[in-house]
Amino acid sequence: MANVKITKNDGQVIEVSDLSFEQVKEIVGLNGHAPTHSLAQRSASLNPRDSSPDYEGFREVLTEKAKKFFQILRENPHGISADHLAEKLGFRSSSQIGGMTGGGIGKLAPKFGIKPKWLYIVDVKRDNGRRVATYRQGKELSRLQ
């Protein structure tokens, strides 16, 4: 069991005792300053930049749609248009992909020491004035098994 002292910005000290290591990791991970995985990998540092990427932990917290998104990218190594990707994901519009990638994946990945561009890339081009987005695999997608 561990004793934890948390000092708030205003100087107030909160002390919690009789916690398991797993509970301490959970508390530290919830404060928004250090990812949960950093304690498991490096007990000496809570700085996300000091830890290696935790692809396994990241995969565990992904939604089923996000997992399907990455699977579709693996199945289309040369890329897939946003319209076709949206259809395969069951979205009504390709703009919904942005909510999943930006609001979901984009916010979660850094907490696990991962940059989203390592997992997927979006190429945006203009074709006769029309915006065409193509999603393709990032160089580290294979590590997200």
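The values are calculated or read from the model by the stated rules, or taken from the named source; none is laboratory data. Remember, predicted model here, so these are calculated numbers, not experimental data. Heads up, the Cβs are rebuilt from the backbone with ideal geometry, glycines too, and the neighbour counts pull from every protein chain shown. We work out accessible area using only protein heavy atoms, side chains counted, and drop any ligands, DNA or RNA first. Shrake-Rupley method; radii C 1.70, N 1.55, O 1.52, S 1.80 Å.
Could you check region 87-117 and list, in sequence order, the residues that are hydroxyl-bearing (Ser, Thr, Tyr) and part of a loop (DSSP other than H, G, I, E, B)?
Passing the criteria: SER93, SER94.
State yes or no: is ARG59 part of a helix (DSSP H, G or I), farther than 29 Å from VAL132 by Cβ and at pLDDT 90 or above?
Here the answer is yes, as ARG59 does meet what is asked.
Residue by residue through region 118-145, note down the ones that are part of a loop (DSSP other than H, G, I, E, B) and among the charged types (D, E, K, R).
LYS139, GLU140
Please go through region 98-139 and give me each residue that is open to solvent by less than 40 Å² (accessible area, probe 1.4 Å), under 17 Å from TYR55 (Cα atoms) and in contact (Cβ under 8 Å) with a residue 60 or more places away in the chain, ordered by number.
PHE112, GLY113, ILE114
Out of all the residues in region 62-86, which are over 15 Å from ARG136 (Cα atoms) and part of a helix (DSSP H, G or I)?
Result: GLU64, LYS65.
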